[in-house]
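Asker: Have a look at this one.
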Amino acid sequence: MTLPPSEPASSPRPCVSALSACAGGRAVRKMAASSSGEKEKERLGGGLGVASGNSTRERLLSALEDLEVLSRELIEMLAISRNQKLLQAGEENQVLELLIHRDGEFQELMKLALNQGKIHHEMQVLEKEVEKRDSDIQQLQKQLKEAEQILATAVYQAKEKLKSIEKARKGAISSEEIIKYAHRISASNAVCAPLTWVPGDPRRPYPTDLEMRSGLLGQMNNPSTNGVNGHLPGDALAAGRLPDVLAPQYPWQSNDMSMNMLPPNHSSDFLLEPPGHNKENEDDVEIMSTDSSSSSTLTTNSAAIPGKTSSHWRV
Amino acid sequence: MAAAVAMETDDAGNRLRFQLELEFVQCLANPNYLNFLAQRGYFKDKAFVNYLKYLLYWKDPEYAKYLKYPQCLHMLELLQYEHFRKELVNAQCAKFIDEQQILHWQHYSRKRMRLQQALAEQPQQNNTSGK
């Protein structure tokens, strides 16, 4: 630690006598407070703490100033005494003693400053160490955070996977049943059009009017008209082709298969609002009908019926 | 004894109800029938709407395996929405659905025909490339 240079001589100095008076005053004050000199020494030579707000640097500077002043005074006194007779014999000694004293203080302050410098250096080293550890801790924290995130993602995905496994297990159906069902619905051309189908063929992917009337439901309302189908409605009229079996039992009524099957119990009064949400929300309608046509947009299959590519029934 | 008899009649009643509901739910696959129902105002009846909601049990696999026309389930789902029910009053709507259904119905047979055509073209290509 380098000490600041002493006050340069370029600064304007008041007249020496005033200075000497000032220095003398200070010296006198110091001498007067010699009883508290020890305290002063403690204060000066004490620890790092700056109790009264005087830093070591300031103290050093003031000591330097005092030294300078005192030495000047001494030199002037000596110079004067060369010309004049020794009038103030004692004062020389006083100033000299003050000078020596001040010098001693200065030396002590220097030692103190040196110690402080060493300690400051140590402090810096320690601070660097602390910084390094701090950055280590921060990096560790970052890594922990990353690890936590990754683990959380992994756990979440694993949970999702488990959920989907559970869902799949719940809806598990034997493959045989599925194949049987596939045979049933395909053989009767219910989901796939017959290869010889042409427009005009009365067969449809849904039960036609004729079939509906011939079924159990139809028979219930018309017990008298048994098997007599008067006029065939439009969709079964063309081409004059009637369904192969005009029996009252159609395969889609599944009489024999479903002997042991029962519908879920219900109260016969459907006027009671069942618990559950009402699908009145129109937004859902737009989202729901993505593959099938929604009521306001048109999505046709690849082979559109000619001439009807943009039917829009909101006239 | 009376209880057993009662249960039997109950059972028979339930079986009949099962058949009727099976038929009815499959009738819903017919858009013309839906149009018919809409025009007669059945869809405005609260009890009917609740009945449609009750019919959703046909979606369970143990019931669905009895359906010959599985498209009815999709129609049933759509019928849960009031918007759809309102739209069905228009004959044009029903006609459109009908057309789309038939087109979709023909999807697989068309696909098969295309595959056959592609297969038929392949040996021809091989012959031409060989030469």
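The values are calculated or read from the model by the stated rules, or taken from the named source; none is laboratory data. Predicted model, so just to flag it, every value in this text is computed and none were measured. Neighbour counts are summed over all protein chains in view; Cβ atoms, including those assigned to glycine, are modelled from backbone coordinates with ideal geometry.
Asker: Using the structure shown, decide if residue A:236 is in contact with a Lys or Arg (Cβ under 9 Å, 6 or more places away or on another chain) and modelled with pLDDT under 85.
Answerer: The answer is yes for residue A:236.
Asker: Does residue B:57 fit the bill of being part of a loop (DSSP other than H, G, I, E, B), within 30 Å of residue A:172 (Cα to Cα) and modelled with pLDDT of 85 or more? Lay out the reasoning, then the answer.
Answerer: Working: part of a loop (DSSP other than H, G, I, E, B): no; within 30 Å of residue A:172 (Cα to Cα): yes; modelled with pLDDT of 85 or more: yes.
When the stated conditions are applied, residue B:57 does not pass them.
Asker: Among A:162, A:216, which is the only one that is in contact with an Asp or Glu (Cβ under 8 Å, 6 or more places away or on another chain) and either modelled with pLDDT of 80 or more or aromatic (Phe, Trp, Tyr) (or both)?
Answerer: A:216
Asker: When only residues in segment B:85-119 that are of a type in the set (Lys, Arg) and closer than 18 Å to residue A:187 by Cα count, which is surrounded by the most Cβ atoms within 10 Å (Cβ to Cβ)?
Answerer: That would be B:110.
Asker: Of all residues being within 7 Å of chain A (Cβ to nearest Cβ) and under 21 Å from residue A:167 (Cα atoms) in segment B:46-84, which is surrounded by the fewest Cβ atoms within 10 Å (Cβ to Cβ)? Just the residue, please.
Answerer: B:61
Asker: Given the residues B:26, B:39, which is the only one that is surrounded by fewer than 19 Cβ atoms within 10 Å (Cβ to Cβ) and in contact (Cβ under 8 Å) with a residue 12 or more places away in the chain?
Answerer: B:39
Asker: Something else: Taking the condition over 51 Å from the mean Cα position of the chain (by Cα), among the hydrophobic types (A, V, I, L, M, F, W, C), surrounded by 10 or more Cβ atoms within 10 Å (Cβ to Cβ) and closer than 25 Å to residue B:67 by Cβ, does residue A:173 pass? So that I can check it myself, show each step before the final result.
Answerer: Details: over 51 Å from the mean Cα position of the chain (by Cα): no; among the hydrophobic types (A, V, I, L, M, F, W, C): yes; surrounded by 10 or more Cβ atoms within 10 Å (Cβ to Cβ): yes; closer than 25 Å to residue B:67 by Cβ: yes.
The answer is no for residue A:173.
Asker: Given the options B:25, B:89, name the one that is of a type outside the set (Lys, Arg), within 23 Å of residue A:183 (Cβ to Cβ) and more than 9 Å from every other protein chain (Cβ to nearest Cβ).
Answerer: The unique qualifying residue is B:25.
Asker: Assess whether residue A:202 counts as being modelled with pLDDT of 85 or more and either under 20 Å from residue B:101 (Cβ atoms) or not small (Gly, Ala, Ser) (or both).
Answerer: Working: modelled with pLDDT of 85 or more: no; either under 20 Å from residue B:101 (Cβ atoms) or not small (Gly, Ala, Ser) (or both): yes.
It is false that residue A:202 is modelled with pLDDT of 85 or more and either under 20 Å from residue B:101 (Cβ atoms) or not small (Gly, Ala, Ser) (or both).
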